[in-house]
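The structure appears right after this line, and notes come after that.
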Amino acid sequence: MTKPAPNTSEKYDLGFANWVYENVNGGDKLGLCMQCGVCSGSCPIGEQMDHGPRKLFMMIRAGMKDEVLSSNTMWNCTSCYRCVVRCPRSVPVTYILQDLAAKSVELGYAKPNENSKFSNSFWWSAKTFGRTDERLVTAKYYFSFGVVEGVKRGLDNLKIAWGMIKTGRMHLTMPHQIKDKAGLKAILAKAAEIEERESKS
Amino acid sequence: MPQGGPKSQTILVVGGGIAGITAAIEAAETGYDVVLLEKSPSLGGRVTKFNRYFPKLCHPTCGLEINYQRIKKNPRVKLMTMCEVTGIAGAKGDYTVSVKRTPRFVNDKCTACGDCKDVSDTAVANAYNYGLDKVKGAYLPHEHAFPMRYVIAPEAIAAGEGDKLKAACKYGAIEPDQKEETFDLNAGAIIWTTGWKPYDAAKLDTYAYNESPDIINNVEMERLAAHDGPTGGKILRPSDNEPAKKVALIQCAGSRDNNHLAYCSRICCLGSLKHAAYVREQYEDAQVDIYYIDIRAHDKLEAFHAKIKNDPQVHFIKSKPGHIKIGEDGRPLVCGERTIDREIYEEPYDLVVLATGMQPSAVKGYKPEVGVMEDEYGFLVPKANGAADGEGIFSAGVASGPLDVSMSVQSATAAALRAIQAVRGS
């Protein structure tokens, strides 16, 4: 695991922490964190994260802006909410990570990577059909790495695909769609409008 | 009594733990009549169930015994066991207190000879050992019980043992026909010292308390280490009675946690340091891991903290564990993140002790509605305007907040003085 450390010879720069408190969804609750470690210790994929939520929050306080916004921690979060349920101080860990991910894109820190590519494919299916179509999400994700890589990944996973088809977890006909797609569109438009309004206020 | 003064100068103390005993003795030795009510069959409360207690790591008989002697020798203290308050009416100087008495089925002729126990065939959970073992249907609460009198469990009466037990008693002490009774007491002031209970560890669903007998709470650990506990003082794994040589002590188990008790109970850190000492005294090759957020060893006991910290076989791990799993071999696995080096761990133990906090007993059952008020956690604290509300009801000990023994005793002495002022009408 990487071990970035703040430069202790300098005074902590609280500018970044204050910016997070004010601009990140749930960031105002970060001051409640007492560094107990329940969030990182409870995380089912904590070992895949470079820092984990507890350390990331400490890095925010230490003013380590570049390290925080280029971390993989928020990208690996699966939003299982275990940390939120268990946090003894009621810090909305998942919300904070989600918005830190959004901010890292906004500020140009997030490079396209496995997680963001998968995230884009997943979101494309959800907003287009109102459902996730396993086959199309996977295809879009694999081919986002280029045609050669897409074919290679597809062939590598053929056995899994066949297993999923046999057990009804994936199908080959038209993608399943929700009935009221216009309704979904309206909901998403409204959400975008609210986001736009709140980001300005 | 001065003209127009209080009708009654009797001080009623509700709850016979260390705080109630102290308040009763302080008031009585100053010359006031005291009635001391206790819900269970004997005095001493939580303190009597400790193996050893701070500040000097004495056995509870040390300290309690001398207080029992003072009660015994003071005609001004009237002790009533197995009694609960169900209502308070009236005002300062003239309270009428409704009391419910649960039958003991044994009168004061009992000499604690134990003949009734020998003929009893029923077995009930041993409240003294938090149900970790059983006692006969006719039992002495524990070996230093005060009053030193047997109790017949309602289960034994229900099983039809009454006549058999009565016949076995040479002293005519057993009365199987006793019924629950209610009566009123008159008092000029009331001191509420109903104490605490450990926070229910079963509510900590991520800590698997109900999934393994080897996951216990801190008060049960006291009994495991005590010479009159279920294991005769050997710290053994409850699952197979093998020595517990690798022990995890988990701090803040449900404390400082918005999902459980939001406050710090103040006693658990030193309590766990004491548990580490119990284990290390018994096993030279033992390993004790203390999982903590921060160690809050308060009071003047830093030297004790330092001594435990210097033991190379006691490890302080800065981490609140995320959860406890049961491993394939049946041992508990403590899982979490070490916050100093960010290592994720999954560590097996022989015994896991959850340092649960103190919850006021008053959260359930009757509590006074005047004089004191319930705070957001169920502790009874003085009203904002203090004694100015003209009531003669005061709280002390853990009923008033999370306190250790010496602080409870201080608060009880303070409450005794306030009660005396109330009944003197000054």
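Annotation: residue A:24 fulfils all but one of (1) out of contact with any Ser or Thr (no Cβ under 8 Å at 6 or more places or on another chain); (2) under 22 Å from residue B:322 (Cβ atoms); (3) of a type in the set (Val, Ile, Thr); (4) surrounded by fewer than 23 Cβ atoms within 10 Å (Cβ to Cβ); the unmet one is (2). Quick one: residue B:195 ticks every box in (1) closer than 30 Å to residue B:78 by Cβ; (2) surrounded by fewer than 17 Cβ atoms within 10 Å (Cβ to Cβ) except a single one, so which number is it? If we test residue B:195 against (1) closer than 30 Å to residue B:78 by Cβ; (2) surrounded by fewer than 17 Cβ atoms within 10 Å (Cβ to Cβ), just (2) comes out false.
Quick grid of which residues meet (1) farther than 30 Å from residue B:242 by Cβ; (2) surrounded by 16 or more Cβ atoms within 10 Å (Cβ to Cβ); (3) in contact (Cβ under 8 Å) with a residue 12 or more places away in the chain; (4) not acidic (Asp, Glu):
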{"site": "B:338", "(1), (2), (3), (4)": "no, yes, yes, yes"}
{"site": "B:365", "(1), (2), (3), (4)": "yes, no, yes, yes"}
{"site": "B:372", "(1), (2), (3), (4)": "yes, yes, yes, yes"}
{"site": "B:398", "(1), (2), (3), (4)": "yes, yes, yes, yes"}
{"site": "B:424", "(1), (2), (3), (4)": "yes, yes, yes, yes"}
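Restricted to segment A:159-183, and to residues there that are among the hydrophobic types (A, V, I, L, M, F, W, C) and loosely packed, with under 10 Cβ neighbours inside 10 Å, the residue that is modelled with the highest pLDDT is A:182. Restricting to segment A:12-44, what's the tally of residues that are in contact (Cβ under 8 Å) with a residue 24 or more places away in the chain, within 14 Å of another protein chain (Cβ to nearest Cβ) and either in a loop (DSSP other than H, G, I, E, B) or in contact with a His (Cβ under 6 Å, 6 or more places away or on another chain) (or both)? Residues meeting the conditions: 5.
Matching residues to (1) in contact with a Pro (Cβ under 9 Å, 6 or more places away or on another chain); (2) polar (S, T, N, Q); (3) under 30 Å from residue A:183 (Cβ atoms):
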| residue | (1), (2), (3) |
| --- | --- |
| A:114 | no, no, no |
| A:119 | no, yes, yes |
| A:124 | no, no, yes |
| A:134 | no, no, yes |
| A:138 | no, yes, yes |
| A:147 | no, no, no |
| A:151 | no, no, no |
| A:156 | no, no, no |
| A:161 | no, no, no |
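When the residues of segment B:343-358 are filtered to those that are assigned to a strand (DSSP E or B) and crowded, with 21+ Cβ neighbours inside 10 Å, which remaining residue is farthest from the other protein chains (Cβ to nearest Cβ)? Lay out the reasoning, then the answer.
Taking segment B:343-358 first, the residues assigned to a strand (DSSP E or B) are B:343-348, B:351-356, B:358.
Narrowing the set further to residues that are crowded, with 21+ Cβ neighbours inside 10 Å leaves B:351-356, B:358.
Details: B:351: 20, B:352: 15, B:353: 18, B:354: 14, B:355: 14, B:356: 14, B:358: 17 Å.
Looking at the filtered set, the residue picked out is B:351.
When residue B:328 is tested against (1) touching a residue at least 40 places away in the same chain (Cβ under 8 Å); (2) surrounded by fewer than 17 Cβ atoms within 10 Å (Cβ to Cβ); (3) charged (D, E, K, R), exactly one condition is not met: (1). Checked against (1) surrounded by 24 or more Cβ atoms within 10 Å (Cβ to Cβ); (2) touching a Phe, Trp or Tyr at 6+ places or on another chain (Cβ under 7 Å), residue B:361 passes all but condition (1). Whenever a residue of segment B:238-260 is more than 14 Å from chain A (Cβ to nearest Cβ) and within 30 Å of residue A:91 (Cα to Cα), its partners that are among the aliphatic types (A, V, I, L, M) and outside any loop (DSSP other than H, G, I, E, B), lying with C-beta atoms within less than 7 angstrom and at least six residues away or across chains, give the pairs B:249/B:276; B:249/B:288; B:249/B:290; B:249/B:353; B:249/B:355.
Per the conditions (1) more than 10 Å from chain B (Cβ to nearest Cβ); (2) assigned to a helix (DSSP H, G or I); (3) in contact with a Leu (Cβ under 8 Å, 6 or more places away or on another chain); (4) not charged (D, E, K, R), the sole criterion not satisfied by residue A:94 is (3). Every test in (1) touching a Lys or Arg at 6+ places or on another chain (Cβ under 9 Å); (2) within 14 Å of chain A (Cβ to nearest Cβ); (3) part of a strand (DSSP E or B); (4) not small (Gly, Ala, Ser) is passed by residue B:340 save one, and that test is (3).
Filter segment A:80-91 for residues that are at the interface with another protein chain (Cβ under 10 Å from one of its Cβ atoms) and under 16 Å from the mean Cα position of the chain (by Cα); which is farthest from residue A:5 (Cα to Cα)? Per the criteria, the residue is A:82. Checking each residue in segment B:76-92 for being crowded, with 20+ Cβ neighbours inside 10 Å and either touching a residue at least 60 places away in the same chain (Cβ under 8 Å) or charged (D, E, K, R) (or both) picks out B:79, B:81, B:85, B:88, B:92. In the condition set (1) more than 14 Å from every other protein chain (Cβ to nearest Cβ); (2) touching a helix residue (DSSP H, G or I) at 6+ places or on another chain (Cβ under 6 Å); (3) more than 16 Å from residue B:337 (Cβ to Cβ), residue A:77 is compliant with all but (3). Here residue A:131 fulfils each of the conditions (1) in the same structural domain as residue A:181 (by TED's automatic domain parsing); (2) in a helix (DSSP H, G or I) apart from (2).
Which number in (1) modelled with pLDDT under 90; (2) closer than 14 Å to residue A:130 by Cα; (3) of a type in the set (Gly, Ala, Ser) marks the one condition that residue A:186 misses? All conditions are met except number (1). Restricted to segment B:23-43, and to residues there that are over 19 Å from the mean Cα position of the chain (by Cα) and assigned to a loop (DSSP other than H, G, I, E, B), the residue that is surrounded by the most Cβ atoms within 10 Å (Cβ to Cβ) is B:32.
In the set (1) buried (at least 17 other Cβ atoms within 10 Å of the Cβ); (2) within 14 Å of chain A (Cβ to nearest Cβ); (3) over 17 Å from residue B:220 (Cβ atoms), the condition left unmet by residue B:283 is number (2). Please work out which one of (1) over 23 Å from residue B:133 (Cβ atoms); (2) in contact with a Gly (Cβ under 6 Å, 6 or more places away or on another chain) is the condition residue B:223 fails and give its number. Going through the list (1) over 23 Å from residue B:133 (Cβ atoms); (2) in contact with a Gly (Cβ under 6 Å, 6 or more places away or on another chain), residue B:223 breaks only (1).
Determine if segment B:293-303 includes at least one residue that is of a type in the set (A, V, I, L, M) and part of a strand (DSSP E or B). Step through it out loud before you land on a result.
Narrowing segment B:293-303 to residues of a type in the set (A, V, I, L, M): B:293, B:295, B:297, B:301, B:303.
So of that shortlist, the ones also part of a strand (DSSP E or B) come out as none.
Looking for residues that are of a type in the set (A, V, I, L, M) and part of a strand (DSSP E or B), one finds none in segment B:293-303, hence no.
On the stretch given as segment A:45-64, residues that are more than 10 Å from chain B (Cβ to nearest Cβ), at pLDDT below 95 and under 16 Å from the mean Cα position of the chain (by Cα) total 2.
Check segment A:113-120 and report whether any residue there is out of contact with any Cys (no Cβ under 9 Å at 6 or more places or on another chain), at pLDDT 90 or above and outside the structural domain of residue A:67 (by TED's automatic domain parsing). The answer is no, given that none of the residues of segment A:113-120 is out of contact with any Cys (no Cβ under 9 Å at 6 or more places or on another chain), at pLDDT 90 or above and outside the structural domain of residue A:67 (by TED's automatic domain parsing). Going by what's in this entry, would residue B:170 be described as part of a strand (DSSP E or B) and charged (D, E, K, R)? So residue B:170 fails the test.
The values are calculated or read from the model by the stated rules, or taken from the named source; none is laboratory data. These numbers were taken from a predicted model, which means no experiment stands behind them. Note that each Cβ is placed from the backbone with ideal geometry, even for glycine, and that neighbours are counted across all protein chains shown.
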